[in-house]
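Notes follow once the structure below has been shown.
The values are calculated or read from the model by the stated rules, or taken from the named source; none is laboratory data. Keep in mind the model is a prediction, meaning the values are calculated, not measured. Neighbour counts run over all protein chains shown; Cβ positions are idealised from the backbone, glycine included. Ligands, DNA and RNA are stripped out before the accessible areas are found, and what is left, the full protein with its side chains, is counted by its heavy atoms. Shrake-Rupley method; radii C 1.70, N 1.55, O 1.52, S 1.80 Å.
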Amino acid sequence: MERLLVVLVAVVTLVASGRHDEYASNSVIGIKLRDRSDLKLLSTLESDLDLDIWQDGMPGARDAMVMTTPATQYALIDALDNNGVEYYVVVQNVAKHLEEEEDHLFQWRSQRNSRMIFQDYPRYAEIEAYMESIANQYPNLATLVTAGPSYEGRIIKYLKISTTNFTDTSKPIYFMDAMIHAREWVTTPVALYSIYRLVENLRTEDADLRTDVDWIILPVVNPDGYEYTHTNERLWRKTRSINPLNATCIGVDANRNFDASFNTVGVSSNPCAITYPGITPFSEPETGYIRDIMAEYLNRIQIYMNIHSYGNYVLFGFGDHSLPSNAVHVHHVGAAMGAAIDTMKLPQAGYYLVGNSASVLYSTSGSAQDYGQLVGIPFSYTLELPGYSYLFSVPPEYVDQINEETWRGIAVSARLAKLYYGARSSN
Ligand SMILES: *[C@@H]1O[C@H](CO)[C@@H](O)[C@H](O)[C@H]1NC(C)=O
Ligand SMILES: *[C@@H]1O[C@H](CO)[C@@H](O)[C@H](O)[C@H]1NC(C)=O
């Protein structure tokens, strides 16, 4: 392992000057977790070193992926060596990795005359325009709702899709959102593709999904962060609020900012850290809108899907290891969803792993998934889409595949959750 460290250091000192320079001395390493004590070690290192974990690992099933910086690399590798944990280099120079992503995206776009919005990584203005055009073209089916401004003043919007204008209370609501973490670019295409499949391109086999279910689809929870990943830092994850206690620190991990065991485990108290939960629950307007949507439709939202990348996981509450009272049903719907996606997965993708988020991965607090379950949504999930070997930088060639397979999973989860809704209403 010492040789590996030398190679790592040698490469990172050969800094290329150009775009994404701030990441030139960073690498991504894969960590082979053997058991729960390795997982615990990584979790401790995460909080001690404010590590940037890219993919959560599941012992024996999936390696963890961690980005190292000059500040964390030695301590991390020392700790892994001391505990006999194996690791390997996934990306030597993160700046170069991101330049390759950008060059490839540019080339891909220049070779295509036309593409649908959900086949690419559109900017926020294009996403807003698409949602407006859907609402304008299909007024009897889709309603555009303004949730409110983001911290920086971008208007956060969602579409309500319904054949009965949300008036038929016998229908369950499926609520999905994406891009709460700004760098997880493949998540928004899945939300946009779902809109497309429900409104513009309904297929016979999906007719029931449109007539029997009402949909709330919010494609970009964190538009400030998302735009920032396009203009400044590709790997930005948090919101863009200025910390009231320390103005040098920007942003909150929105998926630690919900009022569910807030600021207890899996968070950093350093306001500059990537898992900083904020000064109070819902300090961020962006998470407040999710709370408000849940509150407005609480008696009818049957399933909530908070979409992330990457790692191929369907996870459910609670982040402190306790389980919801209907855990068997929550597991059933999540497992059916993962299995449905697996039937058409690419060979290089891992199978979906399904379970309680703290048991499968490790403890977290303040997540959207936990909050949804806690306030009474019967089926509340975190979905981690595939990254293949591309991590956050999934080439656009793969987006159709991810959209298609994930839609299949969404369809299965919608139908199953609806069956349980029958039981809920008659209770
Ligand atoms: C749907 O209902 C809202 C009130 O909740 C109303 O303002 C709107 O005009 C209705 N839309 C249609 C197409 O009937
Ligand atoms: C603000 O955070 C930075 C980075 O963590 C730290 O160096 C600085 O001391 C902090 N300032 C205050 C006033 O706490």
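A few notes on this one:
Here is a yes/no grid of residues against (1) open to solvent by 10 Å² or more (accessible area, probe 1.4 Å); (2) part of a helix (DSSP H, G or I):
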| position | (1), (2) |
| --- | --- |
| Ile307 | no, no |
| Val314 | no, no |
| Gly319 | no, no |
| His332 | yes, yes |
| Ala335 | yes, yes |
| Ala340 | yes, yes |
| Gln348 | yes, no |
| Gly355 | no, no |
| Ser359 | yes, yes |
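- Of all residues in the stretch 75-88, those satisfying the criterion of being in contact (Cβ under 8 Å) with a residue 40 or more places away in the chain and either in contact with a Lys or Arg (Cβ under 6 Å, 6 or more places away or on another chain) or in a loop (DSSP other than H, G, I, E, B) (or both) are Asn83, Val85, Glu86.
- Qualifying residues in the stretch 249-269 (those that are at pLDDT 95 or above and within 16 Å of ligand 2 (Cβ to nearest atom)) - the one surrounded by the fewest Cβ atoms within 10 Å (Cβ to Cβ): Cys249
- Filter result (part of a helix (DSSP H, G or I), at pLDDT below 95 and of a type in the set (S, T, N, Q)) within the stretch 387-427: Ser389, Ser425, Ser426
- If you filter the stretch 276-305 down to residues that are within 16 Å of ligand 2 (Cβ to nearest atom) and open to solvent by 10 Å² or more (accessible area, probe 1.4 Å), you find that the one that is nearest to Trp185 (Cα to Cα) is Tyr276.
- Being in a helix (DSSP H, G or I) and away from ligand 1 (no atom under 13 Å from the Cβ) is a property that holds for Ala129.
- Helices (runs of 4 or more DSSP H) wholly inside the stretch 133-248 that include at least 1 residues being open to solvent by 30 Å² or more (accessible area, probe 1.4 Å) and in the same structural domain as Val394 (by TED's automatic domain parsing): 207-212, 223-231
- Annotation: of all residues in the stretch 58-74 being free of Cβ contacts under 8 Å to residues at least 40 places away in the same chain and assigned to a loop (DSSP other than H, G, I, E, B), the one that is farthest from Ala273 (Cα to Cα) is Gly60.
- Within the stretch 94-116, residues that are part of a helix (DSSP H, G or I) have Cβ atoms under 6 Å from residues that are of a type in the set (D, E, K, R) and open to solvent by 80 Å² or more (accessible area, probe 1.4 Å) in these pairs: Glu99/Arg19, counting only partners at least 6 apart in sequence or on another chain.
- Test: residue in the stretch 380-391 that is out of contact with any Phe, Trp or Tyr (no Cβ under 7 Å at 6 or more places or on another chain), more than 24 Å from Ala61 (Cβ to Cβ) and open to solvent by 10 Å² or more (accessible area, probe 1.4 Å): no
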